[in-house]
Amino acid sequence: MAYATQRLTQTDVNRIIKEVDSDRAAGRDARAGLIADGNGLYLQRPNLSYISRLRFCGRRIEPGHGSARQVKLAEARTAHDAALRMVRAGKNPVTAKLLARTQAAATKTFIQAARAFMPTIEAELKSAKSIAVWRATLLGEVVDSKGKVTRAEHNYCAKIHHEPVADITTPLVLAVLKPIWVTKSETASRLRGRIERVLAWAVSQGMGGDLDLDHYRNPARWDGHLEHALAKQAKVHEVEHHAALDHPEMPAFYAALSQQPGLAARAFQLAILTATRTGDLRGVDREDRPPMRWEHVDLDARIWTVPKTKTGVEHRIPLSKQTVDLLEQIRGDHKTGIVFTGGKPGKPMSNGAMLAVVKRMIRAGLIEKGAVTPHGMARAGFKSWASEDTNAEHGVIEACMSHVIGDKVEAAYRRTDFYAKRVKLMQNWADYVTGV
């Protein structure tokens, strides 16, 4: 933009700075005044700052452009031109600068927003364990019983921790999720939802700078967005494998397992006999699934009712004779409350308890490292046996495992859980496993 007059050069500005500094060093009052550069831009002395003198809505405004000690004359002219354009567009450059400063002060990085969000989610969640999971997956940190903060085993969100909320895009979210979407599908799915919540909350709190919540398109949203970039969870679960022995080896493994001491070994046996998820035995806080309790079991009717499975529904499990005998053995020591308690009174056993049994069997040379997981032995073993060694219908096998029906038409018309057929199949499975 051309100027009406050009009175200053950078050399002039440098000379004026030296004059002011010399007057101050000598104890003299530096000469005050405005030195025009032209077209409304001025250098003030003795404070040596650039200002524009403009009129907006009938009154004079004086937006500043910084100190001449830090800002070059060319930069001040560029800022002055921008202020002129704003006035001509009907905007006040003074209030615009104040608004920009306010937004910049409010803008937070993802980790700052996630940390600020934690009190909100802590008030919502029911258990300390669930809160710890949110903290570990979002912040990458763990807080022990003494309040000491340490690094979590995995820092999933590290790639976006120091990105401003407003700058987090779909590619950045995908960079977090893709590495674990298949290998840790359940964790990745929950993490996506947590990132979406943090971003939405942060924008609603003004932490996204000038982002408008009403028009904000959350880069972590699923419907109509990430669902097109990531594999469907149902498909991912189909390819997720839990280590397990071939089902012909199951009787020998079960016999060795029955010789292992401790309640965790009994829980492992029960998981195999009922082909159930280990989470149905010990409960899962983050999914609000309760642990197995004695009031869920009717040994006379030989039924265990799981109030809420991973799929969110109640599930009736027929108990074989061997399963009833095992539960009678366990009930001799624990007759009320949670069936499989952990180290703390009144609390269910941890996920690591059954894994510890596996490690003990590896050390004893009974199985090879990496060959067995509790979930794989309980679920994969049953399904391969039922599919290959029996004439059981596919629907009966799936009902035994409380799987969601993948076919929407079949799901709409099925009106049975095949309980009578499942009674026979589960007894046959128990006979097979125990070598009867």
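The values are calculated or read from the model by the stated rules, or taken from the named source; none is laboratory data. Predicted, not measured: the structure shown is a model, and the values here were computed from it. Note that each Cβ is placed from the backbone with ideal geometry, even for glycine, and that neighbours are counted across all protein chains shown.
Could you please find all residues in the stretch 126-154 being under 14 Å from the mean Cα position of the chain (by Cα) and touching a residue at least 60 places away in the same chain (Cβ under 8 Å)?
130, 133, 134, 138, listed by residue number.
Could you check how many residues of the stretch 300-322 are under 18 Å from residue 268 (Cα atoms) and touching a Ser or Thr at 6+ places or on another chain (Cβ under 6 Å)?
So the answer is 3.
In the stretch 190-201, is there at least one residue being modelled with pLDDT under 90 and surrounded by fewer than 21 Cβ atoms within 10 Å (Cβ to Cβ)?
no
With respect to residue 365, is the statement that it is of a type outside the set (Val, Ile, Thr) and modelled with pLDDT under 85 true?
It is false that residue 365 is of a type outside the set (Val, Ile, Thr) and modelled with pLDDT under 85.
Looking at the stretch 73-80, is at least one residue at pLDDT 90 or above, surrounded by 15 or more Cβ atoms within 10 Å (Cβ to Cβ), closer than 30 Å to residue 140 by Cα and within 44 Å of the chain's Cα centre (by Cα)?
no
Just one of 3, 50 is modelled with pLDDT under 90, in contact with a strand residue (DSSP E or B) (Cβ under 8 Å, 6 or more places away or on another chain) and within 15 Å of residue 81 (Cα to Cα); which is it?
Among 3, 50, only 3 is modelled with pLDDT under 90, in contact with a strand residue (DSSP E or B) (Cβ under 8 Å, 6 or more places away or on another chain) and within 15 Å of residue 81 (Cα to Cα).
If a residue must be aliphatic (A, V, I, L, M) and under 21 Å from residue 199 (Cα atoms), how many such residues does the stretch 146-161 contain?
Adding up the residues that qualify gives 2.
Has the stretch 276-286 got any residue that is surrounded by fewer than 20 Cβ atoms within 10 Å (Cβ to Cβ) and among the hydroxyl-bearing types (Ser, Thr, Tyr)?
no
Name, by its number, the condition in (1) on the phi > 0 side of the Ramachandran plot; (2) surrounded by 14 or more Cβ atoms within 10 Å (Cβ to Cβ); (3) of a type outside the set (S, T, N, Q) that does not hold for residue 338.
(1)
Give the residue that is nearest to residue 133 (Cα to Cα), with candidates limited to residues of the stretch 183-203 that are among the hydroxyl-bearing types (Ser, Thr, Tyr) and assigned to a helix (DSSP H, G or I).
187
Any residue that is exposed (fewer than 11 other Cβ atoms within 10 Å of the Cβ) and either modelled with pLDDT under 90 or over 55 Å from the mean Cα position of the chain (by Cα) (or both) - is there at least one of those in the stretch 16-25?
Yes: the stretch 16-25 contains one or more residues that are exposed (fewer than 11 other Cβ atoms within 10 Å of the Cβ) and either modelled with pLDDT under 90 or over 55 Å from the mean Cα position of the chain (by Cα) (or both).
Looking only at the stretch 61-82, decide whether some residue is free of Cβ contacts under 8 Å to residues at least 24 places away in the same chain and more than 24 Å from residue 8 (Cα to Cα).
No; the residues of the stretch 61-82 include none that is free of Cβ contacts under 8 Å to residues at least 24 places away in the same chain and more than 24 Å from residue 8 (Cα to Cα).
Considering only residues that are of a type in the set (Phe, Trp, Tyr) and in a helix (DSSP H, G or I), which ones fall in the stretch 123-182?
Passing the criteria: 134, 181.
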